[in-house]
Amino acid sequence: MTKIYPVVLCGGSGTRLWPRSRKQAPKPFLPLVDEDTLFEATLARAADPDRFGEPVVVTGVGHRTHVEAQAAGHPGTRVIVEPMARNTAPAIALAAHRLPADAIMLVCPSDHHIADVAAFREAAGAAARLAEEDWLVSFGINPTGPETGFGYIRRGAELPGGFQVERFVEKPDLATAEQFLADGNYSWNGGIFVFKAGTFLDELARHRPAMAAAVREAVERGHEDGAAFHPDAGAFGRIEGDSVDYAVMENTTRAAVVPVSMGWSDIGNWQALRDARPGDEAGNRTRGNVELVDCRNVLAETDGPRISVIGLEDIAVVVDGDEVLVTSMAGAQKVGKLGGAVNQ
């Protein structure tokens, strides 16, 4: 079996999980669901040496220390340190240049939760077999509800182990999401991709030639620092950033999708985190010194002062150091707009 190389994209600050997630300790490096951090769990899912090669982590200067500390248990991990953030397409291209052209890349965000590791690995194998035939494959997360916070993928003609992509769809309104769910041919776009390094670079050059050229120059003029590689800042800084979806996946004629149910969550806000954790019979999730009375679907956690809540539903109460957050679950998407989240 062809080995699959995990490429872990490790950026962002997780502002919608403030105050737990902050610049000095951002979301990927926190044990939010289990005892392992989200980043550690991402590496562990692809740690089977019979299936997977050594991981490549693409991260920023500010996250390098966290990455190297938490990847210590995975010998052979290579780190690419971006001089500045330019979105996912250039980040993936950096990794592709550091791998053989025929290497199968499994591109994963560093801060997602996947409950069913066996289903994840099975989908990775199916996607790799398609990638060997020069398909660029998205994991299509089987939807569990009419979610308006994710993009969607509509399945087209059947392929061995997957489907051609008929189209990618932007985040829909609720009525449209309900139609997608009823249709049965739509998946959530979870931001997990599988393709050959060379195939991806060819498609990037076809659809974003200036970006492809700048990344290539940044790699050619870059330098190594132990296990870390530093692209040239001048060349990389000239890139007009774009996501892999917009730059490649929505333009290529070789897009495929492998549908999968694997207990996936992007842990994108406090509601998503609540739903990813096991709860009591009333749906409450607590950590630390917490007492709830007549509450339902409440997430409450504290690293110090006691939290007491009576008679409330669908809220989050989070105490972290000297910061306190109280939000309805309906308002959880807006946490990242708070001054504290932006500035800390």
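The values are calculated or read from the model by the stated rules, or taken from the named source; none is laboratory data. Note that this is a predicted model, so its numbers are computed, not measured. Note that we place each Cβ from the backbone using ideal geometry, even for glycine, and neighbour counts take in every protein chain shown.
Kindly check whether there is at least one residue in the range 11-26 that is part of a strand (DSSP E or B) and either among the hydrophobic types (A, V, I, L, M, F, W, C) or within 18 Å of Ala124 (Cα to Cα) (or both). Steps first, answer last, please.
Filtering the range 11-26 down to residues part of a strand (DSSP E or B) leaves 22, 25.
Next, only the ones that are either among the hydrophobic types (A, V, I, L, M, F, W, C) or within 18 Å of Ala124 (Cα to Cα) (or both) stay: 25.
Yes, that holds for at least one residue.
For the range 39-64, give me the residue count where each residue is β-branched (Val, Ile, Thr), assigned to a helix (DSSP H, G or I) and either at positive phi or at pLDDT 95 or above (or both).
Just the residues of the range 39-64 that are β-branched (Val, Ile, Thr), to begin with: 42, 56-59, 61.
Checking the rest, the ones that are also assigned to a helix (DSSP H, G or I) come to 42, 61.
Adding the requirement that they be either at positive phi or at pLDDT 95 or above (or both) leaves 42.
Here the count works out to 1.
When you scan the range 205-292 for helices (runs of 4 or more DSSP H) that lie fully inside it, which ones turn up with 2 or more residues that are more than 24 Å from Arg78 (Cα to Cα) and out of contact with any Ser or Thr (no Cβ under 7 Å at 6 or more places or on another chain)? Walk me through how you get there before you give the answer.
Values: elements: 209-220, 233-237, 270-276.
Once the helices (runs of 4 or more DSSP H) in the range 205-292 are filtered for at least 2 residues that are more than 24 Å from Arg78 (Cα to Cα) and out of contact with any Ser or Thr (no Cβ under 7 Å at 6 or more places or on another chain), what remains is 209-220, 270-276.
Can you say whether Gly283 is outside the structural domain of Glu35 (by TED's automatic domain parsing) and among the small types (Gly, Ala, Ser), as far as the supplied structure shows?
On the way: outside the structural domain of Glu35 (by TED's automatic domain parsing): yes; among the small types (Gly, Ala, Ser): yes.
In short, yes.
Take the residues in the range 65-84 that are part of a helix (DSSP H, G or I) and either in contact with a strand residue (DSSP E or B) (Cβ under 7 Å, 6 or more places away or on another chain) or in contact (Cβ under 8 Å) with a residue 24 or more places away in the chain (or both), then tell me which one is farthest from His230 (Cα to Cα). Walk me through it before giving the result.
Let us first name the residues in the range 65-84 that are part of a helix (DSSP H, G or I), namely 65-70.
Next, from what is left, pick out any that are either in contact with a strand residue (DSSP E or B) (Cβ under 7 Å, 6 or more places away or on another chain) or in contact (Cβ under 8 Å) with a residue 24 or more places away in the chain (or both): 66-68, 70.
Working: His66: 17, Val67: 15, Glu68: 15, Gln70: 20 Å.
Restricting to residues being part of a helix (DSSP H, G or I) and either in contact with a strand residue (DSSP E or B) (Cβ under 7 Å, 6 or more places away or on another chain) or in contact (Cβ under 8 Å) with a residue 24 or more places away in the chain (or both), the top hit is Gln70.
Just checking, how many residues over the range 102-130 are in a helix (DSSP H, G or I) and of a type outside the set (Asp, Glu)? Working first, answer last.
Of the range 102-130, the ones in a helix (DSSP H, G or I) are 117-130.
Then keep just the ones that are of a type outside the set (Asp, Glu); that gives 117-121, 123-130.
Going through the range 102-130 one residue at a time, the tally reaches 13.
Between a first residue in the range 170-184 that is assigned by TED's automatic domain parsing to the domain that holds Thr144 and a second residue that is aromatic (Phe, Trp, Tyr) and in a helix (DSSP H, G or I), which pairs have beta carbons less than 9 Å apart while being 6 or more apart in sequence or on different chains?
From the range 170-184, the pairs are Pro172/Phe180.
Just to check your reading of the model, which residue among Val260, Val318, Val309 is modelled with pLDDT of 95 or more, farther than 27 Å from Met84 by Cβ, buried (at least 18 other Cβ atoms within 10 Å of the Cβ) and touching a Cys at 6+ places or on another chain (Cβ under 7 Å)?
Values: Val260 fails: touching a Cys at 6+ places or on another chain (Cβ under 7 Å); Val318 fails: touching a Cys at 6+ places or on another chain (Cβ under 7 Å).
Matching residue, one of Val260, Val318, Val309: Val309.
Scan the range 16-28 and give yes if some residue there is modelled with pLDDT of 90 or more and more than 30 Å from Gly279 (Cα to Cα), otherwise no.
For the range 16-28, residues modelled with pLDDT of 90 or more and more than 30 Å from Gly279 (Cα to Cα): absent.
May I ask you to list the residues in the range 208-229 that are surrounded by fewer than 18 Cβ atoms within 10 Å (Cβ to Cβ) and not hydrophobic (A, V, I, L, M, F, W, C)?
Looking only at the range 208-229, we keep the residues that are surrounded by fewer than 18 Cβ atoms within 10 Å (Cβ to Cβ), and these are 209-210, 213, 216-217, 220-221, 223-228.
The answer is Pro209, Arg216, Glu217, Glu220, Arg221, His223, Glu224, Asp225, Gly226.
Select from the range 264-286 the residues that are surrounded by fewer than 15 Cβ atoms within 10 Å (Cβ to Cβ) and either in contact with a His (Cβ under 9 Å, 6 or more places away or on another chain) or in contact (Cβ under 8 Å) with a residue 12 or more places away in the chain (or both) and list them in ascending order.
Residues of the range 264-286 that are surrounded by fewer than 15 Cβ atoms within 10 Å (Cβ to Cβ), as a first pass: 278, 280-282.
Ala282, the sole residue that qualifies.
Determine which member of the set Gly222, Gly226, Gly241, Gly234 is within 23 Å of Val61 (Cα to Cα) and in contact with a Pro (Cβ under 6 Å, 6 or more places away or on another chain). If you could, list the steps in order and put the result at the bottom.
Working: Gly226 fails: in contact with a Pro (Cβ under 6 Å, 6 or more places away or on another chain); Gly241 fails: in contact with a Pro (Cβ under 6 Å, 6 or more places away or on another chain); Gly234 fails: in contact with a Pro (Cβ under 6 Å, 6 or more places away or on another chain).
Of Gly222, Gly226, Gly241, Gly234, the one residue that is within 23 Å of Val61 (Cα to Cα) and in contact with a Pro (Cβ under 6 Å, 6 or more places away or on another chain) is Gly222.
Please enumerate the residues belonging to the range 309-330 that are assigned to a loop (DSSP other than H, G, I, E, B) and in contact with a Ser or Thr (Cβ under 8 Å, 6 or more places away or on another chain). First the steps, then the outcome.
Initial filter on the range 309-330 (assigned to a loop (DSSP other than H, G, I, E, B)): 311-312, 314, 321-322.
Correct list: Asp314 only.
If Gly241 satisfies all but one of (1) closer than 27 Å to Glu68 by Cβ; (2) at pLDDT 95 or above, what's the number of the condition it fails?
(2)
If the Cβ limit is 6 Å and pairs must be 6+ apart or interchain, which residue in the range 238-255 that is within 24 Å of Met84 (Cβ to Cβ) pairs with which residue that is part of a loop (DSSP other than H, G, I, E, B)?
Ile239/Arg86; Gly241/Arg86; Gly241/Asn87; Asp242/Asn87; Ser243/Asn87; Ala247/Arg208
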